[in-house]
Amino acid sequence: MTYAQGPEKASAGPPGRPVADQPLAAAAVFAALGDPTRREVFERVAARPQSVGELAGELPVSRPAVSQHLRVLKDAGLVSDGPAGTRRIYRMNPQGLDHLRAYLDHFWNQSLAAFKTAAEQPPKESRK
Amino acid sequence: MSTQSVASPVRTSILVEAPQKRAFEVFTADMASWWPADKHVLEGELAGMVFEPRVGGRIYDRAVDGSECSWARVLAYEPPSRVVFSWDIDLRWQIETDPERASEVEVRFIAETDARTRVELEHRALERHGEGWESMRDAVGSPNGWGDGLRAFAAYLAG
C-alpha cells in the first residue's frame with residue numbers, strides 16, 4: 001500500500017473517477033480509520049483544511065507522528081494535500097468515501113459470480 | 001460521476017444458466033454454497049448459514065460449537081422472484097445492532113427463459129449505516145464542512 005509516493009500534483013485535487021473495483025482501497029480506508037489518533041487527525045482535517053503544524057499544536061502527538069498519520073490517510077485516499085505559500089495544507093478528499101461504496105460493489109460482484117457457479121451446478125440430491 | 005453520490009445504491013446483476021426457482025433457492029436456502037468464505041461475522045469455525053424463509057426470519061451464521069450470529073432480517077420473501085433482507089453488518093464485518101443503521105438488499109430473479117435467470121441485486125439505503133454518508137454529502141458545500149456527519153462516519157467505521 002505504497003501508492004502515495006506518487007507525484008504531489010496528482011494529490012492536490014480529487015481524482016476524476018472514484019476508484020472502483022479496488023477492495024484494497026476500501027481495506028486501506030478501514031485500516032486508516034481504525035487507529036483512534038489517526039481518526040482524530042482525519043476528523044480535524046475534514047472539519048478544516050490545515051497544516052501539519054496546526055494539527056500537531058492541537059493534538060498530544062509529535063509533529064512527525066502527525067505527518068505519519070497524514071501519510072496513511074493520504075495513502076488511503078481520505079485526505080489530499082497541496083501547497084499554500086510555504087506550507088502544505090491537508091484537506092479531506094471527499095472522493096475517498098466512494099471507496100466504501102466501491103467496496104460493496106466489489107463484494108457483490110464477486111459474490112454473485114460465486115452464486116452463479118453454485119446455481120449452475122446440477123442440484124444436489126438432497127431431501128427437500 | 002463527479003456528484004457526491006456516496007449514498008446512491010450499489011446495483012449489479014448477473015445472468016445465471018439455471019431456472020428461476022433454482023436460482024432463488026440457491027441464493028436463499030443454499031446461501032452457504034456461494035457466500036465468500038472469508039466474509040463471516042461469526043467468530044469461530046463456521047458450520048453453516050441459515051436462511052429462515054419467511055418475512056421476519058433471520059439469516060444467520062452457525063458455528064460448529066452451536067453459537068449463532070444473526071446478520072440479516074428477511075424483509076420480503078416472495079419465491080421465486082424476489083427477496084429483501086436487511087444488512088445488519090457494518091463495513092468492518094461487525095454486527096450493526098441498531099436496525100435503524102442497517103441498509104438493505106433487494107434481489108430480484110427474472111426468468112429470461114425456462115433455463116436462464118437474470119438476477120438483479122440492489123444494496124440500498126447505505127446512508128443509514130451512519131448519518132455520516134448523507135450528512136457528509138450535504139456538508140460538502142457548506143462553509144464549516146464536515147463536522148458531525150464525519151464524526152458519525154468515523155465512529156461507524158470504528159465500530
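Taking amide H positions as placed in the peptide plane 1.01 Å from N, state which residues far from residue B:96 in sequence (5 or more) or on other chains have amide H under 5 Å from it.
Long-range HN contacts for residue B:96: B:89, B:90.
Along the stretch B:67-74, what does the Karplus equation 6.51 cos²θ - 1.76 cosθ + 1.60 (θ = phi - 60°) give for ³J(HN,Hα), rounded to whole Hz, x for Gly and Pro?
So the J values, rounded to whole Hz, are 6, 10, 9, 8, 10, 7, 10, 7.
Residue A:61 versus residue B:33, label points 7 Å from Cα toward the beta carbon: distance in nm?
4.8
Computed from the coordinates by the stated procedures, all read-outs in this text should not be read as laboratory data. Owing to the predicted nature of the structure, the values given are computational and were not obtained by experimental measurement. Glycine also receives a Cβ, built like all others from the backbone with ideal geometry; neighbour counts cover every protein chain displayed.
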